[in-house]
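Only one structure is covered here, and it is reproduced in the block below.
The values are calculated or read from the model by the stated rules, or taken from the named source; none is laboratory data. A quick note: this is a predicted structure, and the numbers were derived from the prediction, not measured. Please note: Cβ atoms are built from the backbone with ideal geometry, for glycine as well, and neighbour counts cover all protein chains shown.
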Amino acid sequence: MMNEPLAALTAWLAQWSDQTEFVEVAVSRNSDGFELRHRLDAGRNANELRHLEPSELRDWVQTTETGAFRPNKLAPNLRTGWHFSARSQPALEEALRILYPGALADWFAEQRGIPATGMREYFGRQTGMYRVAQQLTDEFAARAVRANCAPESCRRRRIWEVPGLTPDSPAQTSLVPCFEPCGTMMEMARRMAKSQQALPISVRLLPDELESALAAVRQLLQSGSIDSREGDLAAPDNPRRLRLLEASLQGALEAAPTVRPPSSG
Ligand code: SF4
């Protein structure tokens, strides 16, 4: 009987013929087996790219372009400039497992109808420090999920249910499903549950100022110059926290009256 990883690979290979993409990696068949490279390098000549040996691939995926550690291998920050040859199906399966641990198995599980765990059910099972997540309102929970699971941070496709949100589509994310909230999501939910209990601080801003604040946050998010670690939600400049702020500023801007009431004086 075929082992589970190879059964998953065989099922996935049956879905495409010459080439495909798996998260950020372009995979193609050739006379030697399979070739993998970053999808952004798809049009480049192989001799412009660094050829990685199996032992080098493992190190390659650990860090980003700037040398930062990649705790979430499904984050869209895989380095470009390489290619890899897999001369057999087991070699391809191993390479995909190094690039995206557990991803092919999860895709196969979804194909076989393994169900996801909805957010409320998952929160309901929590004890200890994450129990407070049960108090999140639907509105705050949706905001937390939008900021935490944005495709800029994670290319897993959320298939678990969140009140008020539709599941992610493969076009926005990837074929790789997410069956239940991960550790970062739980930490975000815990923080949000505590935040919703705090008194909000009102700040009076003119619409122009609000626009500038929003532009500044967006520029910071796109700059690639944020130092805090991806999973460190205690850091005020954490990208997920900045995305929460971006959504709040956007909401405030949309709600702002465009015509000011005439002054009574
Ligand atoms: S919960 Fe969100 S951030 Fe965590 S793995 Fe799933 S999709 Fe990614």
Identify the single condition in (1) surrounded by fewer than 16 Cβ atoms within 10 Å (Cβ to Cβ); (2) outside any strand (DSSP E or B); (3) not polar (S, T, N, Q) that E21 does not satisfy, given that it satisfies every other one.
-> (2)
For region 193-218, enumerate the residues that are of a type in the set (D, E, K, R), closer than 15 Å to R241 by Cβ and not assigned by TED's automatic domain parsing to the domain that holds T137.
-> R218
Flagged in region 107-126 as without any contact (Cβ under 8 Å) to a residue 60 or more places away in the chain and part of a helix (DSSP H, G or I), in numbering order, are R120, E121, Y122, G124
Looking for whichever is more than 14 Å from the ligand (Cβ to nearest atom), assigned to a helix (DSSP H, G or I) and farther than 24 Å from I159 by Cα here; the options are A193, A216. Which one fits?
-> A216
Enumeration of residues in region 116-137 that are buried (at least 16 other Cβ atoms within 10 Å of the Cβ), of a type outside the set (S, T, Y) and over 18 Å from G164 (Cα atoms) | Q126, V132
Restricting region 151-168 to residues that are part of a loop (DSSP other than H, G, I, E, B) and of a type in the set (V, I, T), which is farthest from the ligand (Cβ to nearest atom)?
-> T166
Looking at T173, T184, which one is within 10 Å of the ligand (Cβ to nearest atom) and part of a helix (DSSP H, G or I)?
-> T184
In region 1-29, the residues that are aromatic (F, W, Y) and either in contact with a Gly (Cβ under 7 Å, 6 or more places away or on another chain) or farther than 18 Å from P177 by Cα (or both) | W16
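Which residue out of L249, L221, L199, L205 is more than 28 Å from A105 (Cβ to Cβ) and surrounded by 19 or more Cβ atoms within 10 Å (Cβ to Cβ)?
L249
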Considering residues of region 30-70 that are in a strand (DSSP E or B) and of a type outside the set (A, V, I, L, M, F, W, C) only, the residue surrounded by the most Cβ atoms within 10 Å (Cβ to Cβ) = R37
Just one of the numbered conditions (1) under 23 Å from the mean Cα position of the chain (by Cα); (2) part of a helix (DSSP H, G or I); (3) over 22 Å from A75 (Cβ atoms) is not true of E94; which one?
-> (3)
Pick from region 72-91 the residues that are out of contact with any His (no Cβ under 8 Å at 6 or more places or on another chain) and either outside the structural domain of E24 (by TED's automatic domain parsing) or more than 18 Å from S174 (Cα to Cα) (or both): which of them is surrounded by the most Cβ atoms within 10 Å (Cβ to Cβ)?
-> A86
In the set R155, R190, the lone residue that is buried (at least 17 other Cβ atoms within 10 Å of the Cβ), out of contact with any helix residue (DSSP H, G or I) (no Cβ under 9 Å at 6 or more places or on another chain) and modelled with pLDDT of 95 or more is R155
Might you let me know whether region 239-259 holds any residue that is in a loop (DSSP other than H, G, I, E, B), at pLDDT 90 or above and not small (G, A, S)?
-> no
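Could we say that A171 is farther than 30 Å from F22 by Cα and either loosely packed, with under 15 Cβ neighbours inside 10 Å or in contact with a helix residue (DSSP H, G or I) (Cβ under 8 Å, 6 or more places away or on another chain) (or both) here?
Considered against the rule, which asks whether it is farther than 30 Å from F22 by Cα and either loosely packed, with under 15 Cβ neighbours inside 10 Å or in contact with a helix residue (DSSP H, G or I) (Cβ under 8 Å, 6 or more places away or on another chain) (or both), A171 comes out as no.
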Check region 219-232 and report whether any residue there is within 23 Å of G118 (Cα to Cα) and either in contact (Cβ under 8 Å) with a residue 12 or more places away in the chain or in the same structural domain as P167 (by TED's automatic domain parsing) (or both).
-> yes
